[in-house]
Amino acid sequence: MTTRMALSKDLDAVVHILNQSILRGNENGRLATVKASELHDWFFEHSPSRYPLLVTEEQGEVVGWLSLGAYRPGREALRRTAEISYYVRQRKKRQGIGSTLMKEALRICPCLGIKVLVAFLLEHNSGSIALLRKFGFERWGLFPQAAYIGGKLVGQLCYGKLLEKADRV
Ligand SMILES: CC(C)(COP(=O)(O)OP(=O)(O)OC[C@H]1O[C@@H](n2cnc3c(N)ncnc32)[C@H](O)[C@@H]1OP(=O)(O)O)[C@@H](O)C(=O)NCCC(=O)NCCS
């Protein structure tokens with residue numbers, strides 16, 4: 001298993017893995033599958049030196065990905081904070097791939113100037129909560145009834161982690 005920066009050839013695999021999650025119906029806020037063309041800009045906005053997109057590969061197959069992205073883009077004061085999201089190929093879940101991606105993200109964050117990580121997830125997303133807790137993320141908030149899925153109102157959680165403990169100023 002190797003984890004590396006995504007290359008343009010990985011776009012289709014990244015979209016496929018995201019669509020697997022969308023088709024499960026309740027893992028993220030998207031309700032309809034996406035085409036590679038719709039994610040093209042998002043994919044290529046990532047950059048190894050600021051907001052990388054990481055993929056984990058197993059025997060030549062991309063089995064998971066993790067994205068670091070701007071939190072509230074355009075607000076300079078928030079540049080030290082990044083949003084993290086991650087997806088693992090359906091049949092490869094619970095085999096340590098999410099953990100591998102998270103470890104690599106936490107390793108490189110200091111080099112990227114990222115001091116705070118936040119993740120947003122639907123409140124019933126037990127896999128995501130387990131991964132976040134395993135790596136020391138804490139529950140920082142709940143947006144009640146933020147989502148409407150399958151006729152039900154669902155809250156959205158925010159989990160976060162301080163990567164550098166600083167004295168409050
Ligand atoms: C969240 C996700 C990336 C986790 O990936 P993964 O490869 O299954 O994670 P790991 O195998 O590294 O598991 C990490 C820990 O979480 C636990 N875990 C994973 N899925 C779990 C689940 N559904 N319920 C309870 N615990 C779970 C594992 O047991 C492991 O704990 P341990 O190492 O102490 O045993 C994966 O479930 C996924 O792709 N979910 C759909 C996409 C998604 O919801 N993304 C988040 C949207 S922001």
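Values computed for the structure shown
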{"item": "Beta bridge orientation in the range 2-162: antiparallel %, DSSP, nearest 5", "result": "90"}
{"item": "Segment Leu39-Glu123, extension gain: residue separation times 0.36 nm, minus the distance between their alpha carbons", "result": "27.7 nm"}
{"item": "Nearby lysines by direct alpha-carbon distance to Lys35 (threshold 16 angstrom, same-chain neighbours under 8 apart not counted)", "result": "Lys9"}
{"item": "Axial C-alpha extent at least 15 Å, average Kyte-Doolittle at least -1.0 - helices from the chain (DSSP)", "result": "11-24, 97-112"}
{"item": "Gyration tensor (Cα) of the range 2-162, equivalent ellipsoid semi-axes in angstrom", "result": "22, 20, 16"}
{"item": "Helix-only [θ]222 nm of the chain, DSSP H runs n ≥ 4, -39500 (n - 2.57) each, per residue, nearest 500", "result": "-9000 deg cm²/dmol"}
{"item": "Set of lysines near Lys93 by C-alpha distance (under 21 Å), chain-local residues within fewer than 8 positions excluded", "result": "Lys103, Lys134"}
{"item": "Relative contact order (%) - the chain, alpha-carbon pairs under 8 angstrom, separation at least six", "result": "19"}
{"item": "Sparsely packed trypsin sites (Lys or Arg not before Pro) within the range 16-114, loop by DSSP, other Cβ within 10 Å at most 16", "result": "Arg30, Lys35, Arg50, Arg75, Arg79, Arg80, Lys93, Arg94"}
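Quick note: the coordinates plus some simple rules give every number you see, no bench work behind them. Being a predicted model, the structure only gives us computed values, none of them experimental. Methodologically, a virtual Cβ is constructed for each residue, glycine included, from the backbone with ideal geometry; neighbour enumeration extends over all protein chains shown.
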